[in-house]
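S.K.: Here it is, the structure, as structure tokens.
The values are calculated or read from the model by the stated rules, or taken from the named source; none is laboratory data. The structure displayed is predicted, hence computed values, not measured ones. Positions of Cβ are backbone-derived with ideal geometry, glycine not excepted, and every protein chain shown enters the neighbour counts.
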Amino acid sequence: MSFAKFFEYAAEGIDAFGVSIIVLGMVIASIRYLIRKSSKGPDGFESYRKELGRTLLLALEFLVAADIIRTVAIEPTLESIAILAVLILIRTFMSTTLELEITGYWPWQKERKSTKESPTANQ
């Protein structure tokens, strides 16, 4: 097996794993939501949205990794690197907005949030 073929299979496997994370995460989150909805407790829609968002964030990391492997190890041309840069920009934007949706804070604000909530921060 050649070097390029090995990394092509690795990238395809990581892509498939990323997609399976999306599918399984959506199924599990949906089942949990339906269970919460059928009980007499609160609706749980916000929890459902957060679970879906976390699923997508995790899957995006794997999909970006597969794109990087594919571009760097298999086809390192200027065109493929430019395409990779655009894909990473789009996925970074998606990750940032998903993080904002899930937590209510921008990713760079997490440090301030945890510092404000910490009882030792005021000492």
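S.K.: Can you tell me which residue is farthest from the chain's Cα centre (by Cα) among those in segment 54-99 that are charged (D, E, K, R) and in a helix (DSSP H, G or I)?
M.R.: E79
S.K.: Still on this structure, I have one more. Within segment 36-75, which residues are aromatic (F, W, Y) and touching a residue at least 24 places away in the same chain (Cβ under 8 Å)?
M.R.: Result: F62, single match.
S.K.: Go through segment 35-55 and give me each residue that's modelled with pLDDT of 90 or more and hydrophobic (A, V, I, L, M, F, W, C).
M.R.: L52, the sole residue that qualifies.
S.K.: Please tell me if E12 is farther than 22 Å from F93 by Cα, over 17 Å from the mean Cα position of the chain (by Cα) and of a type outside the set (K, R).
M.R.: It is true that E12 is farther than 22 Å from F93 by Cα, over 17 Å from the mean Cα position of the chain (by Cα) and of a type outside the set (K, R).
S.K.: Test S80 against the stated conditions and say whether it is over 30 Å from M1 (Cα atoms) and not aliphatic (A, V, I, L, M).
M.R.: no
S.K.: Among residues belonging to segment 1-55 that are aromatic (F, W, Y) and closer than 21 Å to A66 by Cα, point out the one that is surrounded by the most Cβ atoms within 10 Å (Cβ to Cβ).
M.R.: For segment 1-55, the residue satisfying everything is F7.
S.K.: With respect to L100, determine if the residue is surrounded by 14 or more Cβ atoms within 10 Å (Cβ to Cβ), over 19 Å from V19 (Cβ atoms) and free of Cβ contacts under 8 Å to residues at least 40 places away in the same chain.
M.R.: yes
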